[in-house]
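K.L.:
Quick one: this structure, given as structure tokens, is what I'll be asking you about.
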Amino acid sequence: MQLNEEDRELIGIYQRAGSELAQAIEGLSGPDLDRTRETGKWSIREIVHHIVDCDMNYFQINRYALADTGETYFFPVFDAGVWNRTMQYAMRSVEMEVKLFGAMRDYIAYLCTGLPGAMERTLVHQHGRAQVRDAIRHDIAHAAHHIRQIRETRSVHRL
């Protein structure tokens with residue numbers, strides 16, 4: 001299936017986030033992952049888990065839009081603080097999370113490049129409507145924002 005140049009570039013950026021996250025934490029020890037930018041902020045470890053948990057939700061939303069375009073999807077409430085606490089972000093390893101993040105991004109990229117009209121397929125939700133390309137842009141921005149936070153934390157601590 002042929003995509004226009006802009007969509008190919010968008011999917012490439014989306015897919016590269018897996019390696020960007022891996023690079024952002026490369027070489028960090030357990031104690032390094034527990035560093036924060038400042039008091040009261042999430043640690044690198046918590047940010048990694050947050051990125052992946054959000055992306056799991058986005059993954060399902062994107063799949064829903066691709067599979068059942070135009071149908072209504074009701075977004076569940078997602079309280080990041082509750083997830084951090086109940087999923088014990090501070091206690092868990094990040095290796096599996098990084099692998100999962102890359103795999104989810106690869107899979108959605110695969111679908112978007114292989115399904116006819118994938119980027120134009122539509123998600124209707126309780127707040128409006130969006131095309132898959134809009135959702136991909138959102139997902140890119142969310143991960144990029146948090147990967148910058150990880151890099152800022154590394155910079156603050158000279159890691």
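The values are calculated or read from the model by the stated rules, or taken from the named source; none is laboratory data. This structure is a prediction, so every number in the text was calculated from the model and none was measured. Here the Cβ positions follow ideal geometry from the backbone for every residue, glycine too, while neighbour counts run over all protein chains shown. Areas reflect the complete protein model, heavy atoms only, side chains present, ligands, DNA and RNA absent. Shrake-Rupley method; radii C 1.70, N 1.55, O 1.52, S 1.80 Å.
K.L.:
Can you report the number of residues in the stretch 112-125 which are touching a residue at least 12 places away in the same chain (Cβ under 8 Å), open to solvent by less than 40 Å² (accessible area, probe 1.4 Å) and within 15 Å of Gly70 (Cβ to Cβ)?
P.N.:
We begin by selecting, within the stretch 112-125, every residue touching a residue at least 12 places away in the same chain (Cβ under 8 Å); these are 112-116, 118-125.
Now drop any that are not open to solvent by less than 40 Å² (accessible area, probe 1.4 Å), which leaves 112, 118-119, 122-125.
From what is left, the residues that are within 15 Å of Gly70 (Cβ to Cβ) are 118-119, 122-125.
Of the residues in the stretch 112-125, 6 are touching a residue at least 12 places away in the same chain (Cβ under 8 Å), open to solvent by less than 40 Å² (accessible area, probe 1.4 Å) and within 15 Å of Gly70 (Cβ to Cβ).
K.L.:
Filter the stretch 34-60 down to residues that are open to solvent by 20 Å² or more (accessible area, probe 1.4 Å) and at negative phi, then give me how many there are. Please lay out each step first, then the result.
P.N.:
The initial filter retains those residues of the stretch 34-60 that are open to solvent by 20 Å² or more (accessible area, probe 1.4 Å), namely 34-42, 45-46, 56-60.
Going one step further and asking which of them are at negative phi, we end up with 34-39, 41-42, 45-46, 56-60.
Total meeting the criteria: 15.
K.L.:
Give the residues of the stretch 79-99 that are open to solvent by 60 Å² or more (accessible area, probe 1.4 Å), within 23 Å of Ala135 (Cα to Cα) and in contact (Cβ under 8 Å) with a residue 12 or more places away in the chain, sorted by residue number.
P.N.:
The one that is open to solvent by 60 Å² or more (accessible area, probe 1.4 Å), within 23 Å of Ala135 (Cα to Cα) and in contact (Cβ under 8 Å) with a residue 12 or more places away in the chain: Trp83.
K.L.:
Next question. Scanning for something out of contact with any Pro (no Cβ under 9 Å at 6 or more places or on another chain), open to solvent by less than 20 Å² (accessible area, probe 1.4 Å), not in a loop (DSSP other than H, G, I, E, B) and not β-branched (Val, Ile, Thr), does the stretch 71-78 turn up at least one residue? Outline the logic, then answer.
P.N.:
Keep residues of the stretch 71-78 that are out of contact with any Pro (no Cβ under 9 Å at 6 or more places or on another chain), which gives 71-78.
Of the ones still in play, those that are also open to solvent by less than 20 Å² (accessible area, probe 1.4 Å) are none.
Looking for residues that are out of contact with any Pro (no Cβ under 9 Å at 6 or more places or on another chain), open to solvent by less than 20 Å² (accessible area, probe 1.4 Å), not in a loop (DSSP other than H, G, I, E, B) and not β-branched (Val, Ile, Thr), one finds none in the stretch 71-78, hence no.
K.L.:
Within the stretch 126-139, which residues are of a type outside the set (D, E, K, R) and surrounded by 15 or more Cβ atoms within 10 Å (Cβ to Cβ)? Let's see the steps before the verdict.
P.N.:
First pass over the stretch 126-139, keeping only residues of a type outside the set (D, E, K, R): 126-128, 130-132, 135-136, 138.
Ala130, Gln131, Val132, Ala135, Ile136 - these are the residues of the stretch 126-139 that are of a type outside the set (D, E, K, R) and surrounded by 15 or more Cβ atoms within 10 Å (Cβ to Cβ).
K.L.:
Could you list all residues from the stretch 1-16 that are closer than 26 Å to Thr153 by Cα and either in contact with an Asp or Glu (Cβ under 8 Å, 6 or more places away or on another chain) or not in a helix (DSSP H, G or I) (or both)?
P.N.:
Within the stretch 1-16, Tyr14, Gln15 meet the criteria.
K.L.:
If the Cβ limit is 7 Å and pairs must be 6+ apart or interchain, which residue in the stretch 32-58 that is within 15 Å of His145 (Cα to Cα) and in a helix (DSSP H, G or I) pairs with which residue that is open to solvent by 30 Å² or more (accessible area, probe 1.4 Å) and of a type in the set (Lys, Arg)?
P.N.:
Ile44/Arg35; His49/Arg92
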